[in-house]
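Below is one structure, written out as structure tokens; the observations come after it.
The values are calculated or read from the model by the stated rules, or taken from the named source; none is laboratory data. Just so you know, these numbers come straight off a predicted model, no measurement behind them. Cβ: placed from backbone, ideal geometry, glycine included. Neighbour counts: every protein chain shown. Just the protein is used for accessible areas: all its heavy atoms, side chains included, with ligands, DNA and RNA removed. Shrake-Rupley method; radii C 1.70, N 1.55, O 1.52, S 1.80 Å.
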Amino acid sequence: MQQEKKPRLDITLDLETLGVSAGSIILSVAMQTFSLDCSHAPKEELDYYQHISALDSLWHHLRSDEGTEEWWAKQSEAAKRKVMEGQKSAVGVEGVMRLIYEVLKGWNEKYDLFIWGRGVGAFDLPLLDSVMRKIIGDGYKTPWNYWSAMDVRTVVNFCR
């Protein structure tokens with residue numbers, strides 16, 4: 001018996017962090033559904049943006065790295081102000097990671113889920129995966145298929 005083909009769902013992910021390796025503090029996460037076929041709206045609607053408390057992240061043994069802190073110091077005053085303002089309304093990392101995990105896990109079962117990040121093997125997706133793994137603990141399974149991780153940087157560079 002042939003398995004029914006699931007409809008496709010694309011999600012873009014963007015993180016602001018205090019590090020570039022697994023277990024780094026995530027300052028904010030943004031996720032949005034989109035459709036590669038511009039004539040159709042996405043099957044699900046998601047426009048999610050949340051600031052995450054750096055202090056709470058430290059309590060969960062997440063870390064920053066000096067190079068990223070130096071990079072932030074060189075950014076525009078507006079960019080730094082946005083991060084600092086975000087910390088005023090930031091929420092705990094555990095709630096955010098559990099919510100994202102459950103949403104992605106459910107959609108991966110229901111759809112042919114493709115998740116787009118910057119630097120599939122080196123940034124957004126591995127960092128999110130590492131923090132969710134740390135928070136969820138036993139029983140954690142990456143909530144997307146390894147072949148469905150897409151890299152925005154590759155597309156941008158290809159289109160140039």
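Count, please, the residues in region 123-139 that happen to be free of Cβ contacts under 8 Å to residues at least 40 places away in the same chain and aliphatic (A, V, I, L, M).
Qualifying residue count, region 123-139: 2.
Within region 129-136, is there a residue that is farther than 16 Å from VAL29 by Cα and either in contact with a Pro (Cβ under 7 Å, 6 or more places away or on another chain) or of a type in the set (A, V, I, L, M) (or both)?
yes
Of the conditions (1) modelled with pLDDT under 95; (2) in contact with a Phe, Trp or Tyr (Cβ under 9 Å, 6 or more places away or on another chain), VAL93 clears all except one; give me its number.
The single condition VAL93 does not satisfy is (1).
Testing MET132 on (1) at pLDDT below 95; (2) assigned to a helix (DSSP H, G or I), one condition comes back false. Which one is that?
Only one criterion is unmet by MET132, namely (1).
Restricting to region 135-150, what's the tally of residues that are open to solvent by less than 60 Å² (accessible area, probe 1.4 Å) and not in a helix (DSSP H, G or I)?
Qualifying residue count for the region: 8.
Among (1) at pLDDT 95 or above; (2) surrounded by 14 or more Cβ atoms within 10 Å (Cβ to Cβ); (3) basic (Lys, Arg), which single condition is ARG153 missing?
(1)
Across region 82-129, which residue is nearest to THR12 (Cα to Cα) among those that are basic (Lys, Arg) and in a helix (DSSP H, G or I)?
Here the answer is LYS105.
Restricting the first residue to region 48-66 and requiring it to be more than 19 Å from TYR101 (Cβ to Cβ), which pairs with a second residue that is open to solvent by 40 Å² or more (accessible area, probe 1.4 Å) and in a loop (DSSP other than H, G, I, E, B) meet a Cβ separation below 8 Å and a spacing of at least six or different chains?
From residues that are more than 19 Å from TYR101 (Cβ to Cβ), the pairs are ALA54/SER64; ASP65/VAL20; ASP65/SER21.
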